[in-house]
Amino acid sequence: MEFFRIRKDIPFMRHALTFNVISLVTFLLAVFFLVNKGLHFSIEFTGGTLLEVSYAQAPDLDKLRKQMEADGFTDTQVQNFGSSRDVLIRVPLSKDAETSKVGARVMASLARVGAAADSPAAGVAPTLKRVEFVGPQVGKELAADGALALLLVVCGIVLYLAMRFEWRFAISAIIANLHDVIIILGFFALFQWEFSLPVLAAVLAVLGYSVNESVVVFDRVREIFKKKRGLTTPQVLDHAITSTISRTIITHGCTQMMVTSMLIFGGPALHYFALALTIGILFGIYSSVLVASPLVMWMGVSREQFIQVKVEKQEAVV
Amino acid sequence: MNRYPLWKNVTVLLAVVLGLLYTLPNFFGEAPAVQVASVKSTHKVDARLMAQVADALKAASVVPHGIVLDTNSVRVRLNDTDTQLKAKDVIEKAVNPVVADATYSVALNLVSNSPNWLTSIHALPMYLGLDLRGGVHFLLQVDMKGALTKRLDSIGADLRSLLRDKNIRHGGISREGQSVAIRFRDPETRDKTRGVLADSQPDLLLADAQEGADLKLVATLKPEAQKRIQEFAVKQNITTLHNRINELGVAEPVIQQQGVDRIVVQLPGVQDTAKAKDILGRTATLEVRMVDDEASANPGIMEQAARGQPPPGTDYYVERGGRGLLLKKQVVLTGERLTDAQPGFDNQTQEAAVHLSLDSAGARIFKDVTRESVGKRMAILLIEKGKGEVVTAPVIRSEIGGGRVQISGRMSTMEANDVALLLRAGSLAAPMEIIEERTIGPSLGADNIAKGFNSTLWGFAAIAVFMMTYYLLFGLVSVVALSANMLLLVALLSLLQATLTLPGIAAIALALGMAIDSNVLINERVREELRNGSTPQAAITAGYERAWATILDSNVTTLIVGVALLIFGSGPVRGFAVVHCLGILTSLFSSVILSRAVVNLIYGRRRKLDSLSIGQVWKPGLSAK
């Protein structure tokens, strides 16, 4: 079996401008959503209390909401989580000193709903499955640490690629892949998906993963530049992309199989993590092949940059 | 010819065998157990205790599955949870004859079912995080300012007795914010004091000040001393938390410092957060202060004080039994000077009492104070949750030396036990606040394991099926390499006892999904070499060699991400990062070295090799279609 039977190099670079315009538009859209809607941060970042409770029978969420309001919880979110019997409650941070006791108070409030209801079905007390409380100090640090991690990743990758390849490759790879990151974030902003710590990890993992893609293509570019004479830069890039495209698609397909499996079997805890990876992988293919390479071309990469070293050596011998 | 030297084959084989060995414990599951650990440093867990436990179980005809002694606990493995509960009661009675004064903590626990020979080579199952096994997680922030204030308070007391020893007359010592001020009437005394303090109190930074007619010497803590005190406060709090949690018998608690001023507490299996918080938050400490007898005897002043307006320099407290008392603000002694507290009975009255032992400095202070204040009343305050209560306020009859003090007075035996326990478990060197809390139910934990496992399993199956149909035999080799990768990764995680969390499982799945990249790169390269007309053997060599540079580059970039996450990540992200990094390392080994070994094994010896089973290799020139 062989999926890709490509006779000639596909002239990707002829359409470089089109690709870049498409990227730019998606990028701007993502930025627009990020600015306009903002990210829906999980309580790990914002601070607050989160409770996951489960009932024997599906409870009436409206009743729960009303009781919570009556008990002085404002701005709480009550929603189903996974199944109709599982309920997720989010309580934002309040100015109260006793923030760490919110969990117990919410449970008391929920128990009152069970006791007050007329129907026997609603009289079932909830069982607590999970409580998470995050104080205000922690959230700010997480955001700062996340930003620092991103910065370290970007610097590290640029430095490594600049060392192994050429600064032009490093810059275009990181631009292409940061553009992926922004697009993932744009999706999270547009659909108001919850941005939690595992999602942050996924986003950074995607950054590393799509840099992989660029590295594979660049590796080929370098090889072709060194081996073959007389090809123009766009031709070299086209050849490099064409000869790696089957590997790119197969690898991404395999990784995506794993991620899809996580999406199906991983349950709500891994849902957004897998979703972030999915978007990252799909855009990763696109950006590493069709964004990074044109960027390298615009920056004026050429054969001389790779064979310079050898020329110098010869001079030294003579 | 594609052959590995012998050492390379042996290395690969060794890695796989070790991988199998260390992965093995994960398959045995866990058995209910009872864990006995010492809560007193004076009682060591030894073979004698093990024999005692075994005898007790024999007497009660409970048949244990095995009794293991490790460095700080005895674990009794049992067949089911019913016998586990029964065994716990039996052991509890046997090792703690006096319930109130428990020497050992007896807790329910789960231990690995893996055979002893595996345990003896440190092959343990992976250490599951709280999100997988259920339990409570707290992140506590230590109030560093509070630690300094407390220290300054006790420095104030030290200075008082120091100046008294040196016969220096001063106009009062008081803590003002983050400094201690000593007042003087004349500059000569101040100079003399400065000399004395400079010699005996190296931690203090002294400065002169003037307030109206009063001359002052203001002492603040040097920055390095502050740092030391804060470090000590966190350590002291950790010790205190250890003691408290031990007294309550939680199996395998995790109490660790995180960052400069934070403490992580993880209590696996504990579901009742309210109780857990109560345990952590209890801050019982002791203070000894003098009673302001004159003011306390004045009904008018007392009435005012009860309404919240005590005379300056005093605090209003209610004694057990309801009578109010005015205590001087100066603290004679704090719980820090305590070395032991035991419940007992008063020799004369047979009342319940708590016997305290003071350290040498405490004993000296106590002796001095009691000598100077014969006939006066001294109050012993128990401060719990920020509220003080006068346990007893006896009249001092004579000088008390030797550092042995007894508190008695309207206490029941139970109360005496509680007070002793709390005092013994120590006070917190600084107040703490819970800034993060997570409770995960045990069913949710098991659920998370199943979900993580299923995702990995099905993802792996899908990749395996695809690889084998697309690359045939080379695909099979890739799948073997991927399985080995998983094996090594799990073995490494088990060996390092790194905490496995749900994001960690996700990282295992992702590591496998990404690791296949290396094999795809290699297989594609081999196909390409064949397409360009290389012989099969040359294609294998060239394919592996050329793919290597690419694999290395792409893995290094991924590793950079892993390391960044490891440095800056906390909680769930760190769990992800650890597995991510390890996964990259194992994948480098398995997908390049191990898969090559397998390929060499299959093809390496054949001199005449016409084709490789790597799926169809389409050549543009030959194919009609």
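Using the structure shown, decide if B:Asp199 is among the acidic types (Asp, Glu), free of Cβ contacts under 8 Å to residues at least 60 places away in the same chain, surrounded by 13 or more Cβ atoms within 10 Å (Cβ to Cβ) and farther than 19 Å from B:Val332 by Cα.
Taking the combined requirement at face value, the residue does not satisfy it.
Quick check on the stretch A:222-239: of everything there that is out of contact with any Phe, Trp or Tyr (no Cβ under 8 Å at 6 or more places or on another chain) and in a helix (DSSP H, G or I), which residue is nearest to B:Leu559 (Cα to Cα)?
Top of the filtered list is A:Glu223.
Aromatic (Phe, Trp, Tyr), touching a residue at least 60 places away in the same chain (Cβ under 8 Å) and closer than 18 Å to A:Ile279 by Cβ: does that describe A:Phe169?
Against the criterion (aromatic (Phe, Trp, Tyr), touching a residue at least 60 places away in the same chain (Cβ under 8 Å) and closer than 18 Å to A:Ile279 by Cβ), A:Phe169 does not qualify.
Residues are listed down the side, and each one gets a yes or a no for (1) within 7 Å of another protein chain (Cβ to nearest Cβ); (2) among the small types (Gly, Ala, Ser); (3) crowded, with 20+ Cβ neighbours inside 10 Å; (4) within 20 Å of B:Arg262 (Cα to Cα):
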site	(1), (2), (3), (4)
B:Gly441	yes, yes, no, no
B:Ile449	no, no, no, no
B:Phe460	no, no, yes, no
B:Phe466	yes, no, no, no
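Can you name the residue in the stretch B:206-264 that is touching a residue at least 60 places away in the same chain (Cβ under 8 Å) and part of a strand (DSSP E or B) and, of all such residues, is nearest to the chain's Cα centre (by Cα)?
If we take residues in the stretch B:206-264 being touching a residue at least 60 places away in the same chain (Cβ under 8 Å) and part of a strand (DSSP E or B), then B:Val264 is nearest to the chain's Cα centre (by Cα).
Given the criteria modelled with pLDDT of 85 or more and surrounded by 15 or more Cβ atoms within 10 Å (Cβ to Cβ), does B:Ala225 qualify?
Yes, satisfied.
I want to confirm something. Restricting to the stretch B:14-35 and keeping residues that are in a helix (DSSP H, G or I) and among the polar types (S, T, N, Q), which single residue is surrounded by the most Cβ atoms within 10 Å (Cβ to Cβ)?
B:Thr23
With the structure loaded, tell me whether B:Val90 is over 27 Å from the mean Cα position of the chain (by Cα) and either touching a residue at least 12 places away in the same chain (Cβ under 8 Å) or closer than 22 Å to B:Ile245 by Cα (or both) or whether it fails that test.
The answer is yes for B:Val90.
Please go through the stretch B:559-576 and give me each residue that is within 19 Å of B:Ala491 (Cα to Cα) and at the interface with another protein chain (Cβ under 7 Å from one of its Cβ atoms), ordered by number.
B:Phe576
Spot the failing condition for A:Ile10; the list is (1) part of a loop (DSSP other than H, G, I, E, B); (2) touching a strand residue (DSSP E or B) at 6+ places or on another chain (Cβ under 7 Å), and only one is missed.
Unmet for A:Ile10, out of (1) part of a loop (DSSP other than H, G, I, E, B); (2) touching a strand residue (DSSP E or B) at 6+ places or on another chain (Cβ under 7 Å): (2).
Looking at B:Ile540, B:Ile602 in this structure, which one is touching a residue at least 60 places away in the same chain (Cβ under 8 Å), in a helix (DSSP H, G or I), of a type in the set (A, V, I, L, M, F, W, C) and crowded, with 21+ Cβ neighbours inside 10 Å?
One residue alone meets the criteria, B:Ile540.
Does any residue of the stretch B:74-86 turn out to be in a loop (DSSP other than H, G, I, E, B) and hydroxyl-bearing (Ser, Thr, Tyr)?
There is no residue in the stretch B:74-86 that is in a loop (DSSP other than H, G, I, E, B) and hydroxyl-bearing (Ser, Thr, Tyr).
Restricting to the stretch A:181-219, count the residues that are within 13 Å of chain B (Cβ to nearest Cβ) and assigned to a helix (DSSP H, G or I).
Looking only at that region, the number is 24.
Would you be able to say whether some residue in the stretch B:6-13 is surrounded by fewer than 17 Cβ atoms within 10 Å (Cβ to Cβ), hydrophobic (A, V, I, L, M, F, W, C) and part of a loop (DSSP other than H, G, I, E, B)?
Checking the stretch B:6-13: not a single residue is surrounded by fewer than 17 Cβ atoms within 10 Å (Cβ to Cβ), hydrophobic (A, V, I, L, M, F, W, C) and part of a loop (DSSP other than H, G, I, E, B).
The values are calculated or read from the model by the stated rules, or taken from the named source; none is laboratory data. What you are looking at is a predicted structure, and each value in this text was computed from that prediction instead of being measured. Cβ atoms come from the backbone with ideal geometry, glycine included; neighbour counts cover every protein chain shown.
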